[in-house]
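Following: one structure in structure tokens, then a few remarks.
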Amino acid sequence: MSDASKGLSLYNTLTRTKDVFVPIDPSNVRIYVCGPTVYDFAHIGNARPAIVFDVLFRLLRHLYGEAGVTYVRNITDVDDKINARALRDFGAEIASGNLTLNEAIRRVTEKTADQYHKDVAALGCLPPTVEPRATEFVARRADGKVDMITLIERLIERGHAYVAAGEVLFDTASMPDYGELSKRNLDEQQAGARIAVDAHKKNPGDFVLWKLSSPEEPGWDSPWGRGRPGWHIECSAMSAAYLGDVFDIHGGGLDLIFPHHENEIAQSRCAHGTDVMANVWMHNGFLQVEGQKMSKSVGNFYAIAELLETETFGGRKWPGEVLRLAMLMTHYREPIDFSVRKLEEAENTLRKWKRAADLAPSAGQVPDDVVAALSDDLATYAAFQRLTQLAGEAAEVTGSGQNAAAASLKAALFFLGFDIGAAKVDEAAIAKAIAKRLELIAAKNWAEADRIRDELLEQGVQLKDGKDPVTSERVTTWEVKR
Ligand SMILES: [Zn+2]
């Protein structure tokens, strides 16, 4: 009990050092990761934080128990990009009065959020413990959980925010250590502000907490008029709502350090009067595609769904677990170059591991050295080296005895989220199909019975017919083939 650290070390962007991780409450380790803005399908760069922090989530669950970790990943469903998208896709219906803007916005966000859930499930990511939507945290809530309007009111009361020209702005000069995460100071920002500073701002770095909406724009009633929140305040509200004023780990992509995370810290610390918002700040590195920055104009912009379901990248579809492994072959803090070659390499590696893991009928224990590698700031590459070693050892085992290496490998693959094929097996659906087939056999409808058998085989499910030794009735069992 005395050692709550469990041997885990994490690199902290806040201190620029790798430190031993000690949770605030070992019975409830709390982590927040900025989720997607749901105006367009998630691209492969968005897949990186989802996968990286899924590995961290799995590791924390392993170390502290499944019930001992709360992972919050939000959905940003209020954003001017969403409004623009709704107008673009549903402009005619809105103009003709068949659809309100709010209804159009809901269609955009629901469709995009559904696709995101499908994408990250295909990549082997566990659902987070809670997935709050920003729109549900703008106004005061019946359950009393922290909301954005209350947070903004508190910031004004405490002298950290002011109203100007229809906006509520955060006063960066009111916070002496503003800029501690990105290591920018206010003087640098002032000196760097070459573009004309908005005249209503006290300091060029001041940022929007609330802005007024025109009648056509989505809005909520507030003490400052009908309007909508700035982006940063969403995460301050949703993290506090589920994780409290101070929590353990905050994650996201490197591009979020400034201004998003810097401003989350400013809002949360000033509203709650705390020294930190989260103890550890983790950021995954950038992603390029085939050596170039991903952009629509270069033509190397790929949605996760495109890689999974179309042949636009390398002339073929890619299984989610191949994308997952390719993403994790590079350490999460390093930049990654996503390429067809890397995916092919990942696919070959995965095939070798799975062939070796299949030498064991069931999974053993997750090997300690795999856990130890991940506990060193998520050194996935070192963990994978151990997996390859285990695959070699498993192949050398002869005879029909226990294959401990294969059993360990199987457990490690499952732990790391590479058992997507097996996870997809819907046991209830298989049982139903088997029952249907037995009925068809009883009715001597052999052709239909065989069709069901073949369909299951295509999904990797092999049926085995036998006789019950007591009743002599036909019984059918099944197993998953790889
Ligand atoms: Zn955020």
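The values are calculated or read from the model by the stated rules, or taken from the named source; none is laboratory data. These numbers were taken from a predicted model, which means no experiment stands behind them. So basically every Cβ, Gly included, is an ideal-geometry build from the backbone, and we count neighbours across all protein chains shown. Side chains included, ligands, DNA and RNA excluded: accessible areas come from the protein's heavy atoms. Shrake-Rupley method; radii C 1.70, N 1.55, O 1.52, S 1.80 Å.
Restricting attention to segment 447-461, and to residues there that are modelled with pLDDT under 85 and in contact with a Leu (Cβ under 8 Å, 6 or more places away or on another chain), which single residue is least open to solvent (accessible area, probe 1.4 Å)? Show your work before the answer.
At the first step, the residues of segment 447-461 found to be modelled with pLDDT under 85 are 455-461.
If we keep only those that are in contact with a Leu (Cβ under 8 Å, 6 or more places away or on another chain) as well, we get 456-457.
Values: L456: 11, L457: 83 Å².
Among them, the one singled out is L456.
Could you list, in sequence order, all residues of segment 4-44 that are within 16 Å of the ligand (Cβ to nearest atom) and open to solvent by 40 Å² or more (accessible area, probe 1.4 Å)? Even if it seems obvious, please write down each step before you answer.
Looking only at segment 4-44, we keep the residues that are within 16 Å of the ligand (Cβ to nearest atom), and these are 13-14, 30-39, 42.
If the condition is that a residue be within 16 Å of the ligand (Cβ to nearest atom) and open to solvent by 40 Å² or more (accessible area, probe 1.4 Å), then Y39 is the only one that fits.
Answer yes or no as to whether L87 is more than 16 Å from the ligand (Cβ to nearest atom) and over 18 Å from L243 (Cα atoms). Show your work before the answer.
Values: more than 16 Å from the ligand (Cβ to nearest atom): yes; over 18 Å from L243 (Cα atoms): yes.
Considered against the rule, which asks whether it is more than 16 Å from the ligand (Cβ to nearest atom) and over 18 Å from L243 (Cα atoms), L87 comes out as yes.
Taking segment 1-42 as the region of interest, how many residues are among the β-branched types (V, I, T) and either touching a residue at least 24 places away in the same chain (Cβ under 8 Å) or in contact with a helix residue (DSSP H, G or I) (Cβ under 9 Å, 6 or more places away or on another chain) (or both)?
Here the count works out to 7.
Of the residues A435, A412, A382, only one is small (G, A, S) and in contact with a strand residue (DSSP E or B) (Cβ under 8 Å, 6 or more places away or on another chain); which? Spell out the reasoning first.
Values: A435 fails: in contact with a strand residue (DSSP E or B) (Cβ under 8 Å, 6 or more places away or on another chain); A412 fails: in contact with a strand residue (DSSP E or B) (Cβ under 8 Å, 6 or more places away or on another chain).
The match here is A382.
Restricting to segment 46-79, count the residues that are away from the ligand (no atom under 16 Å from the Cβ) and farther than 14 Å from M238 by Cα. Walk me through how you get there before you give the answer.
So in segment 46-79, the residues away from the ligand (no atom under 16 Å from the Cβ) come out as 47, 51, 54-70.
Those still in the list that are farther than 14 Å from M238 by Cα too: 47, 51, 54-69.
Total satisfying the criteria: 18.
Among all residue pairs at least 6 apart or on different chains, which show Cβ distances below 7 Å where the first residue, located in segment 399-428, is among the hydrophobic types (A, V, I, L, M, F, W, C) and the second is at pLDDT below 75 and open to solvent by 10 Å² or more (accessible area, probe 1.4 Å)?
Once the first residue is among the hydrophobic types (A, V, I, L, M, F, W, C) and sits in segment 399-428, its partners that are at pLDDT below 75 and open to solvent by 10 Å² or more (accessible area, probe 1.4 Å) give A422/V480; V425/V480.
Any idea which residue in segment 87-110 is surrounded by the most Cβ atoms within 10 Å (Cβ to Cβ), counting only those that are part of a helix (DSSP H, G or I) and polar (S, T, N, Q)? So that I can check it myself, show each step before the final result.
Looking only at segment 87-110, we keep the residues that are part of a helix (DSSP H, G or I), and these are 87-95, 101-110.
Adding the requirement that they be polar (S, T, N, Q) leaves 102, 109.
Numbers: N102: 14, T109: 24.
Restricting to residues being part of a helix (DSSP H, G or I) and polar (S, T, N, Q), the top hit is T109.
Conditions (1) among the hydrophobic types (A, V, I, L, M, F, W, C); (2) modelled with pLDDT of 95 or more; (3) over 16 Å from W281 (Cα atoms), marked per residue:
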| position | (1), (2), (3) |
| --- | --- |
| S2 | no, no, yes |
| S9 | no, yes, no |
| V22 | yes, yes, no |
| R30 | no, yes, no |
| D40 | no, no, yes |
| D54 | no, yes, no |
| R73 | no, yes, no |
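Has segment 124-134 got any residue that is at pLDDT 95 or above, closer than 30 Å to E306 by Cα, open to solvent by less than 30 Å² (accessible area, probe 1.4 Å) and in contact with a Leu (Cβ under 9 Å, 6 or more places away or on another chain)?
yes
Given the residues A47, A113, A142, A84, which is the only one that is modelled with pLDDT of 95 or more, surrounded by fewer than 22 Cβ atoms within 10 Å (Cβ to Cβ) and closer than 25 Å to E306 by Cβ?
Numbers: A47 fails: surrounded by fewer than 22 Cβ atoms within 10 Å (Cβ to Cβ); A142 fails: closer than 25 Å to E306 by Cβ; A84 fails: modelled with pLDDT of 95 or more.
Sole residue among the options that is modelled with pLDDT of 95 or more, surrounded by fewer than 22 Cβ atoms within 10 Å (Cβ to Cβ) and closer than 25 Å to E306 by Cβ: A113.
Search segment 355-369 for residues that are free of Cβ contacts under 8 Å to residues at least 60 places away in the same chain and pair each with any residue that is open to solvent by less than 40 Å² (accessible area, probe 1.4 Å) and of a type in the set (S, T, Y) when their beta-carbon atoms are under 6 Å apart and the residues are at least 6 apart or on different chains.
Filtered contacts from segment 355-369: G364/S408; P367/S408.
Quick check: anything in segment 337-352 at pLDDT 95 or above, outside any helix (DSSP H, G or I), open to solvent by 10 Å² or more (accessible area, probe 1.4 Å) and of a type in the set (S, T, N, Q)?
Checked against the condition, which is being at pLDDT 95 or above, outside any helix (DSSP H, G or I), open to solvent by 10 Å² or more (accessible area, probe 1.4 Å) and of a type in the set (S, T, N, Q), segment 337-352 yields at least one hit.
Which residues, taken from segment 238-280, are surrounded by fewer than 24 Cβ atoms within 10 Å (Cβ to Cβ) and in a loop (DSSP other than H, G, I, E, B)?
G244, D245, V246, G273, T274, D275, V276 - these are the residues of segment 238-280 that are surrounded by fewer than 24 Cβ atoms within 10 Å (Cβ to Cβ) and in a loop (DSSP other than H, G, I, E, B).
Do you know which residues across segment 163-181 are in a loop (DSSP other than H, G, I, E, B) and either more than 34 Å from the chain's Cα centre (by Cα) or crowded, with 16+ Cβ neighbours inside 10 Å (or both)? Show your work before the answer.
Taking segment 163-181 as the starting set, the residues that turn out to be in a loop (DSSP other than H, G, I, E, B) are 165-166, 171, 175-181.
The answer is A165, G166, D171, M175, Y178, G179, E180, L181.
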